[in-house]
Amino acid sequence: MKIRNPNSRFKIKPKRSDLVLEVGGGHNPHPRSNIVVDKFHDSNYHRSDDVKVHKDQLFLIADGEHLPFKDNAFDYVINNHVIEHVPDPAQFFDELSRVAKRGYVEAPSLIGEHLIPKESHTWGILEIDDKIVMMKKSNLSYIPKLDFGDLLLYFIAQNSIGFKILQKTYPNLLTVRYEWQDKIDYIIEPSDPELRSYFMQTWDMEKITKVFKRKSKVEELVTSVAAFFEVLGEFAFRKVFKSRFEKKAVF
């Protein structure tokens, strides 16, 4: 079942003592992962760069739909931008739920897929009623072609504090961020016409408020202020880190 929607994969909450698995770490594994597995170790079709593993992380070649681990072998499992690629997401989710007690799933949302479409992505994804709902892009009435990724993820994200605050106050806008325990709740290729309409029709206010819960003015103010200070903290951290790195490079 769903626990919450973190505003970043770095805001997840595995315990310090937890044994953490990451399925599909690719070129950007989470630093908290103890073991990282990847199926396509020799192809970058599904990622932006070569496989990378941090110091002290164990890397294994494995298929996420058939993981070579015992039931509940891990306390926590991380899955970052993988499910949009997999042939059988139901089997994939069941495997994550089988091998770990808790975990985190992140993937492009249907909105993100329209704005930043990728040919390698098979699925459109939304979170509706605390469930991950997925439909094949090939079954949708409109398959976007124009990719605004450079504009949104690099230019605006790096230059606009307002956009950064938006990402943190509405974390499921461009991505689905889903922390869970016990079992991932999902619906693949829904037969319910109402659920399918989220993928096939223009959203009215009822649909909008189903996906993005309406906040009071006070809640919006509190979350926006918190996000503002979080953005400032991240900016200060990067500036200090960059300064130290440049000094080391010079001397």
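Values in this text are rule-based calculations from the coordinates and carry no lab data. As the structure is a prediction and not an experimental result, all values here were calculated from the model. Quick reminder, even Gly has a Cβ in these numbers, built from the backbone with ideal geometry, and neighbours come from all protein chains shown.
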Next item on the list: Can you spot the lysines whose alpha carbon is less than 26 Å from Lys217's alpha carbon? Ignore those fewer than 8 places along the same chain.
Entry: Lys2, Lys11, Lys164, Lys168, Lys207
Item checked: Sparsely packed chymotrypsin sites (Phe, Trp or Tyr not before Pro) within segment 117-214, loop by DSSP, other Cβ within 10 Å at most 10 -> Tyr142
Notebook entry, point to check: Within straight cross-link reach of Lys39, meaning Cα distance under 18 Å, which lysines are found once same-chain residues fewer than 8 apart are removed?
Noted result: Lys52
Check: Taking the simple approach of a point 7 Å from Cα along Cα-to-Cβ for both Ala236 and Lys183, what is their distance in nm?
Finding: 4.5
Item checked: Fewest-first sequence of Thr175, Thr122, Thr209 by Cβ atoms within 10 Å of each Cβ -> Thr209, Thr122, Thr175
Note to self: Using a 10 Å cut-off around each Cβ, can you sort Leu146, Leu152, Leu232, Leu110 from fewest to most neighbouring Cβ atoms?
What the structure shows: Leu146, Leu232, Leu152, Leu110
Checklist line | Potential lengthening between Lys52 and Glu220 on full extension [0.36 nm per residue; Cα-Cα distance subtracted] | finding: 56.7 nm
Checklist line | Contact order relative to length of the chain, as percent, for alpha carbon pairs under 8 angstrom and 6 or more apart | finding: 21
Check: With each run of n ≥ 4 DSSP H residues scored as -39500 (n - 2.57), what mean residue ellipticity at 222 nm is computed for the chain after dividing by its residue count and rounding to the nearest 500 deg cm²/dmol?
Finding: -9500 deg cm²/dmol
Check: What ranking do His114, His66 get, fewest neighbouring Cβ atoms within 10 angstrom at the top?
Finding: His66, His114
